[in-house]
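Remarks on the structure that follows.
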Amino acid sequence: MVAVMNRDSSRIAALFDLPFSDLIHRAQTVHRQHFDPNTVQLSTLLSIKTGGCSEDCGYCSQSARFDTHVDREPLLGLADVVQAAQAAKARGATRFCMGAAWRGPKDKDLDVVVEMVRAVKGLGLETCVTLGQLKDGQAARLKAAGLDYYNHNLDTSREHYANVVHTHGYDDRLRTLRQVRDAGIHLCCGGILGMGESRADRVAFLAELAALNPPPESVPLNMLIKIPGTPLQGVPALEPLEFVRTIAVARIVMPTSYVRLSAGRQQMPDHLQALCFLAGANSVFFGEQLLTTPNPDTGRDLELLAKLGMHAELPVIPAVPPSKTAAGS
Ligand code: SAM
Ligand code: DTB
Ligand code: SF4
């Protein structure tokens with residue numbers, strides 16, 4: 001079935017077709033209008049509940065339906081989470097993202113996560129969670145606890161999603177995104193490239209993200225990590241320059257969003273990561289582990305940033321209101 005192209009999709013397809021240098025120039029120009037091009041935002045991930053997930057997402061190590069290297073573990077305790085968040089802050093991360101392998105949280109699980117969000121926020125870090133589909137009222141509870149971002153990816157085009165996931169659908173994803181927005185939480189929403197999708201799927205995927213109105217504040221773009229035991233373990237690798245092109249087009253169509261160069265950096269040489277930054281990526285996951293797979297050592301990352309003359313984004317210090325005596329005397 002050929003997807004119908006609307007005006008936005010045609011514009012996005014035309015960007016993909018540009019000569020590489022022209023595309024990168026356009027992306028750089030847009031990037032510099034909205035961001036310091038030499039600053040990268042650092043987020044650290046922690047898997048707070050690993051494995052045993054009921055869903056069948058064909059890329060995921062954590063589905064109970066596939067025989068992978070990942071075993072099921074219980075929800076972490078508050079003290080372990082606080083310790084990991086403190087360590088992330090000490091290394092220079094400004095956001096702490098907690099991920100759970102759930103179709104969605106039960107209310108009793110959410111009670112625990114709410115305490116985690118409150119505690120991490122209390123350390124002066126931005127907070128993010130990715131817990132799957134939400135039920136009515138759950139987003140408001142997370143917002144009240146101090147949640148800044150909710151990560152929930154569309155992952156690919158609507159059409160290709162149905163080839164990769166069968167236990168829930170694209171409209172379920174969109175419903176959770178709406179609940180998150182309605183609760184006043186920032187959206188972190190992106191996807192995975194290299195899942196055997198066509199360029200038309202990548203065009204449709206970016207069109208969906210850009211149409212979220214406003215687009216997600218944070219857009220993680222992951223290169224598929226091929227997990228032995230999953231249905232996508234043998235999918236042909238995406239051409240790296242096509243990955244860079246996708247980042248550049250994302251930057252152009254979502255000019256004020258942070259675009260995160262996400263999973264897959266461990267497998268990328270420095271010069272490919274540099275091209276991704278040149279294309280407009282301005283955020284990474286920082287820390288030696290993603291959820292169930294390795295990420296580059298923090299030492300290697302700091303060296304790479306130094307080689308490129310780039311630096312980590314500093315925490316946003318909340319403004320202190322003037323005291324009554326200072327203002328009044
Ligand atoms: N269960 C929740 C959900 O599905 O939204 C949260 C966790 S899920 C692991 C979060 C995201 O990680 C997925 O949407 C996908 O984009 C990314 N991801 C998972 N496995 C991956 C892999 N093997 N390679 C690249 N990205 C992956
Ligand atoms: C996102 O888009 N990428 C992160 C985060 N959101 C939760 C997860 C990447 C997972 C990579 C595979 C793993 O470590 O299991
Ligand atoms: Fe993995 Fe999330 Fe899908 Fe569960 S819902 S299988 S954790 S991607």
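The values are calculated or read from the model by the stated rules, or taken from the named source; none is laboratory data. All values reported here derive from a predicted model rather than from experimental measurement. Here the Cβ positions follow ideal geometry from the backbone for every residue, glycine too, while neighbour counts run over all protein chains shown.
Points to keep in mind about this one:
- Check on Tyr150, in a strand (DSSP E or B), modelled with pLDDT of 95 or more and hydroxyl-bearing (Ser, Thr, Tyr): yes
Per-residue answers, yes or no, for (1) buried (at least 23 other Cβ atoms within 10 Å of the Cβ); (2) over 26 Å from Glu313 (Cβ atoms):
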{"residue": "Val114", "(1), (2)": "no, yes"}
{"residue": "Val120", "(1), (2)": "yes, no"}
{"residue": "Cys128", "(1), (2)": "yes, no"}
{"residue": "Gln133", "(1), (2)": "no, yes"}
{"residue": "Gly146", "(1), (2)": "no, no"}
{"residue": "Tyr150", "(1), (2)": "yes, no"}
{"residue": "Asn153", "(1), (2)": "no, no"}
{"residue": "Glu159", "(1), (2)": "no, yes"}
{"residue": "His166", "(1), (2)": "no, yes"}
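- Being exposed (fewer than 15 other Cβ atoms within 10 Å of the Cβ), away from ligand 1 (no atom under 16 Å from the Cβ), assigned to a helix (DSSP H, G or I) and in contact (Cβ under 8 Å) with a residue 40 or more places away in the chain is a description that does not apply to Gln28.
- Selected residue [within 16 Å of ligand 2 (Cβ to nearest atom), among the hydrophobic types (A, V, I, L, M, F, W, C) and either assigned to a helix (DSSP H, G or I) or over 19 Å from the mean Cα position of the chain (by Cα) (or both)] from Val129, Val219, Val114, Val120: Val120
- Residue count for segment 239-264, restricted to those that are assigned to a loop (DSSP other than H, G, I, E, B) and more than 10 Å from ligand 2 (Cβ to nearest atom): 5.
- Out of Asn282, Asn213, sole residue that is within 17 Å of Cys189 (Cβ to Cβ), more than 15 Å from the chain's Cα centre (by Cα) and among the polar types (S, T, N, Q): Asn213
Every residue, every condition in (1) small (Gly, Ala, Ser); (2) part of a loop (DSSP other than H, G, I, E, B); (3) touching a residue at least 24 places away in the same chain (Cβ under 8 Å), yes or no:
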| residue | (1), (2), (3) |
| --- | --- |
| Asp56 | no, yes, yes |
| Tyr59 | no, yes, yes |
| Asp67 | no, yes, yes |
| Asp71 | no, yes, no |
| Ala79 | yes, no, no |
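- Condition met for Pro236 (away from ligand 2 (no atom under 16 Å from the Cβ), at pLDDT 95 or above and surrounded by fewer than 14 Cβ atoms within 10 Å (Cβ to Cβ)): yes
- The set of residues in segment 168-194 being farther than 23 Å from Asn6 by Cβ and either polar (S, T, N, Q) or surrounded by 21 or more Cβ atoms within 10 Å (Cβ to Cβ) (or both) consists of Thr176, Gln179, Val180, Ile185, Cys188, Ile192, Gly194.
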